[in-house]
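Student: Got a structure for you, questions after.
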Amino acid sequence: MHLIGPKSAASIPAAVAIATLLGASVARGDETCNSPYMAKLIKGQEDYVYVWALGVDGLGDGSDKLVTVDVDPKSKSYGKVLNQVSVGTRGEAHHMGFTDDRRRIWAGGLSGGDIYVFDIAADPARPRLVKTIKDLAAKTGFIGPHTYYALPGRMLVQALSNDKDKGGVTGIALYNNEGEFMARYPMPLDNGGDGYGYDLAVNPTKNVLLTSSFTGHANYMRPLGELIKDEAAMKRFGKTMVAWDLKAMKPQTVMQVPGAPLEIRWSLNPGDDWAVTAAALTSKLWLVRRDASGQWQAKEVATIGDPSKIPLPVDISIRRDSKGLWVNTFMDGMTRYFDLSNPEAPTQTYEKHTGRQVNMISQSWDGTRVYITSSLLANWDKAGADNEQFLRGFQWDGKELKPAFEIDFTKEKLGRAHHMKLGSKVLRTAYVAPGPR
Amino acid sequence: MVISAVDLPPVREGRRGAVVSLLALSMLWLAAPPAHAHQADQPRMDFVLPPPGTYELHRIMRAPDGPVLTVDGRLEKLSRFTRDRITLLGFIYTSCPDPQGCPLAYRVFDRIKEEIRGTPALKDEVQLVTLSFDPARDTPSVMKRYAGRQLEDEGGLRWFFLTTPSVRELMPLVEGFGQDVQYAVDRSTGRPVRQLSHVLKVFLIDRSGYVREIYTSTFLHPRAIIGDVKTLLME
């Protein structure tokens with residue numbers, strides 16, 4: 001074992017470059033909307049896309065799995081599956097997140113409360129399941145872990161539901177990086193709060209944590225066609241966002257944002273104090289911003305597609321300079337680009353049909369590579385030929401999304417392709433570097 | 001209490017001599033106090049801090065323990081410097097070229113020392129520990145030069161500058177704290193290139209030896225840290 005260090009004066013300029021590359025300061029954006037506490041971002045060519053896939057009965061082992069795809073265009077296996085790690089069960093695999101040191105990925109399923117921890121430090125191409133956290137429900141009463149958001153040495157986990165009535169009233173759990181439970185924070189039910197949760201995102205320089213709201217287990221596990229006919233159930237969707245005091249982890253301001261506001265993306269440009277989200281059911285973009293008095297306010301700023309046709313905006317991805325936003329709408333399979341130069345008035349400047357159903361969208365640091373997956377929820381995905389399951393890679397030149405590669409997740413017996421994270425074999429984090437002793 | 005970057009007074013240049021450029025300093029391998037520290041941009045924080053005692057600092061993990069060397073070459077246990085008082089501990093290496101890394105930590109520690117000097121009630125409650133993660137280069141004598149006048153008792157709080165005998169003793173501490181060391185890999189060979197970087201982290205350790213907060217460059221602000229110290233003292 002050998003701890004590497006600068007060995008000669010000649011190495012220093014490179015060391016400065018490395019330090020800059022690795023970004024010891026706050027991230028000004030991110031390659032896939034990661035926590036700003038995650039200091040190590042991939043600012044060059046990513047080598048891998050990790051896809052967290054829902055198992056499908058009769059397809060492969062039928063279990064949820066973490067799939068590694070080679071996305072280095074110079075590689076012989078470009079656009080191919082390199083590895084898959086099955087967790088041995090099917091539990092509505094959904095989202096994942098890196099720990100702050102980017103050594104591990106936490107991933108979970110919405111049907112219960114289990115959280116899977118994968119090590120990616122030892123071999124980034126071949127993640128290894130190292131722990132399953134099983135005490136979320138017992139410690140918090142929350143189920144359906146959704147968002148995994150790194151804080152230094154610990155992880156915030158936003159849940160979607162609870163183990164009592166399986167409705168949308170839920171909360172946030174705090175674990176340390178070893179997976180030991182630390183604290184629970186219920187979503188507010190007072191001052192206009194509905195108690196629902198979905199995504200969370202932090203702006204450390206404003207000491208604010210923003211949360212959004214979706215729906216509970218009883219709704220998201222139900223077949224979509226059946227759900228939308230149930231008028232009472234359709235009222236049980238989130239309609240709030242909450243600004244929390246991050247340091248104190250206390251709700252400060254509840255904002256009314258009807259229609260299930262989902263993913264939250266902060267502009268982390270110096271001086272900026274705004275974030276955007278998309279409300280799924282109303283097909284609107286919302287801006288969250290501090291007003292002159294310092295209060296956080298939310299306002300509707302744009303329409304996505306034709307809301308009367310319920311395009312269902314799902315994932316969004318903001319450019320590193322916060323000047324543009326990708327929006328995927330599930331029902332019509334469209335990928336739209338909004339000019340965000342003026343966040344008060346986003347303008348759609350491009351659209352492309354990228355699949356019969358599309359959900360998540362991620363972009364590289366420089367924005368020239370865009371990745372799209374297909375699955376929303378097992379019981380909400382389309383049926384028959386419309387049930388395409390894929391990872392598609394595109395090149396973006398600012399004018400046109402050009403297909404680069406595609407992996408058919410059904411043909412490859414992988415399941416339903418959901419959340420993505422990018423990986424690199426040239427940026428490593430380690431306590432001890434491998435090398436000559 | 002609204003805090004911002006302008007709350008931090010500039011380091012007095014005359015105190016540690018002329019300003020030496022970051023690169024030149026690094027190339028000369030001078031293990032002197034980081035006079036260039038004032039060049040580092042402070043994190044701009046534009047928010048209202050919750051008052052001390054109105055929030056909870058959870059136990060994140062137990063601080064690791066192991067043998068360390070003082071600037072006089074004495075072998076001690078790290079816990080001797082991280083117990084009984086509230087401790088702020090940061091890893092550095094004296095040749096660190098990243099202005100958002102070790103120099104920033106040094107400057108913030110220096111600022112905290114100044115602030116606590118003006119708050120006598122805190123003086124005997126807090127201590128600072130700077131621990132090198134480059135034992136091959138940062139010997140006790142190098143750490144002594146790096147510490148400079150900070151080792152002198154000026155009626156302020158205690159500031160310990162420590163290193164380890166070798167990587168063997170260092171690694172359990174680095175791993176235990178989760179202070180990752182980053183490196184790059186040569187694409188053509190797959191081998192690590194010989195440069196080192198780290199994400200700046202400062203650890204707040206309570207009197208029982210538990211890490212209660214971890215600051216990165218985005219939250220490394222003296223007033224926020226002092227607020228956390230006061231919160232622990234109110235427990």
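The values are calculated or read from the model by the stated rules, or taken from the named source; none is laboratory data. Only a predicted model underlies this, so the values are computations on that prediction, with no experimental measurement involved. Every residue, glycine as well, gets a Cβ built from its backbone with ideal geometry; the counts of neighbours run over all protein chains shown.
Student: Which number in (1) surrounded by fewer than 23 Cβ atoms within 10 Å (Cβ to Cβ); (2) among the basic types (K, R); (3) touching a strand residue (DSSP E or B) at 6+ places or on another chain (Cβ under 6 Å) marks the one condition that A:R416 misses?
Tutor: Failed condition: (1).
Student: Here is a follow-up. Any residue in region B:54-67 that's facing another protein chain (nearest Cβ under 10 Å) and under 16 Å from A:L156 (Cβ atoms): show its pairings with residues that are hydroxyl-bearing (S, T, Y) and surrounded by 14 or more Cβ atoms within 10 Å (Cβ to Cβ) at Cβ separation under 7 Å, as long as the two are six or more apart or on different chains.
Tutor: B:Y55/B:T231; B:L57/B:T231
Student: For region A:397-431, which residues satisfy the criterion of being assigned to a strand (DSSP E or B), in contact with a Lys or Arg (Cβ under 7 Å, 6 or more places away or on another chain) and within 20 Å of A:Q363 (Cα to Cα)?
Tutor: The initial filter retains those residues of region A:397-431 that are assigned to a strand (DSSP E or B), namely A:401-408, A:416-423, A:427-430.
From what is left, the residues that are in contact with a Lys or Arg (Cβ under 7 Å, 6 or more places away or on another chain) are A:401, A:403, A:406, A:427, A:429.
Answer for region A:397-431, where residues must be assigned to a strand (DSSP E or B), in contact with a Lys or Arg (Cβ under 7 Å, 6 or more places away or on another chain) and within 20 Å of A:Q363 (Cα to Cα): A:L401, A:P403, A:E406, A:L427.
Student: Considering only residues of region A:32-57 that are more than 14 Å from chain B (Cβ to nearest Cβ) and of a type in the set (A, V, I, L, M), which is surrounded by the fewest Cβ atoms within 10 Å (Cβ to Cβ)?
Tutor: By that ranking, first place goes to A:V56.
Student: Can you say whether B:V20 is away from chain A (no Cβ under 11 Å), over 20 Å from the mean Cα position of the chain (by Cα) and modelled with pLDDT under 95, as far as the supplied structure shows? Let's see the steps before the verdict.
Tutor: Values: away from chain A (no Cβ under 11 Å): yes; over 20 Å from the mean Cα position of the chain (by Cα): yes; modelled with pLDDT under 95: yes.
In short, yes.
Student: Is there a residue being out of contact with any helix residue (DSSP H, G or I) (no Cβ under 9 Å at 6 or more places or on another chain), assigned to a helix (DSSP H, G or I) and at pLDDT 90 or above anywhere in region B:150-167?
Tutor: no
Student: Sort out which residues of region A:274-286 are surrounded by fewer than 22 Cβ atoms within 10 Å (Cβ to Cβ) and under 19 Å from A:D339 (Cα atoms), and write them in order of number.
Tutor: Initially, region A:274-286 is screened for residues surrounded by fewer than 22 Cβ atoms within 10 Å (Cβ to Cβ), giving A:274, A:281-282, A:284.
Selection gives A:W274, A:K284.
Student: Checking the conditions here, which among A:K352, A:K382 is part of a strand (DSSP E or B) and within 30 Å of A:E226 (Cα to Cα)? Please lay out each step first, then the result.
Tutor: Details: A:K382 fails: part of a strand (DSSP E or B).
Of the residues listed, the single one that is part of a strand (DSSP E or B) and within 30 Å of A:E226 (Cα to Cα) is A:K352.
Student: In region B:171-199, what count of residues is obtained for those that are over 16 Å from the mean Cα position of the chain (by Cα), aliphatic (A, V, I, L, M) and either at pLDDT 65 or above or not in a loop (DSSP other than H, G, I, E, B) (or both)?
Tutor: 3
Student: In region A:272-295, what count of residues is obtained for those that are touching a residue at least 60 places away in the same chain (Cβ under 8 Å) and within 13 Å of chain B (Cβ to nearest Cβ)?
Tutor: 2
Student: Separate question: Considering region A:150-171 alone, what residues qualify as being among the polar types (S, T, N, Q) and more than 15 Å from the chain's Cα centre (by Cα)?
Tutor: Here is the first cut: in region A:150-171, the residues among the polar types (S, T, N, Q) are A:158, A:161-162, A:170.
Selection gives A:S161, A:N162, A:T170.
Student: Quick check: is even one residue across region B:126-147 within 26 Å of B:G227 (Cβ to Cβ) and either within 14 Å of chain A (Cβ to nearest Cβ) or at pLDDT below 85 (or both)?
Tutor: Looking through region B:126-147, at least one residue is within 26 Å of B:G227 (Cβ to Cβ) and either within 14 Å of chain A (Cβ to nearest Cβ) or at pLDDT below 85 (or both).
Student: Looking at region A:287-299, is at least one residue in contact with a Ser or Thr (Cβ under 8 Å, 6 or more places away or on another chain), surrounded by 14 or more Cβ atoms within 10 Å (Cβ to Cβ) and closer than 22 Å to A:P145 by Cβ?
Tutor: No, every residue in region A:287-299 fails to be in contact with a Ser or Thr (Cβ under 8 Å, 6 or more places away or on another chain), surrounded by 14 or more Cβ atoms within 10 Å (Cβ to Cβ) and closer than 22 Å to A:P145 by Cβ.
Student: Residue under question is A:R28, and the condition is that it be modelled with pLDDT under 95, in contact with a strand residue (DSSP E or B) (Cβ under 8 Å, 6 or more places away or on another chain) and not β-branched (V, I, T); does it hold? Please lay out each step first, then the result.
Tutor: Details: modelled with pLDDT under 95: yes; in contact with a strand residue (DSSP E or B) (Cβ under 8 Å, 6 or more places away or on another chain): no; not β-branched (V, I, T): yes.
Criteria not met by A:R28.
Student: With the requirement that a residue be at pLDDT 85 or above and closer than 20 Å to A:N176 by Cβ, what does region B:211-224 give you?
Tutor: Within region B:211-224, B:V211, B:R212, B:E213, B:I214, B:Y215, B:T216 meet the criteria.
Student: When the residues of region A:143-201 are narrowed to those that are among the β-branched types (V, I, T) and out of contact with any Asp or Glu (no Cβ under 9 Å at 6 or more places or on another chain), which ends up farthest from the other protein chains (Cβ to nearest Cβ)?
Tutor: The qualifying residue farthest from the other protein chains (Cβ to nearest Cβ) is A:T170.
Student: Check A:D381 against each of (1) under 13 Å from A:N328 (Cβ atoms); (2) among the charged types (D, E, K, R); (3) surrounded by 20 or more Cβ atoms within 10 Å (Cβ to Cβ) and name the one condition it does not meet.
Tutor: Single failed check for A:D381: (1).
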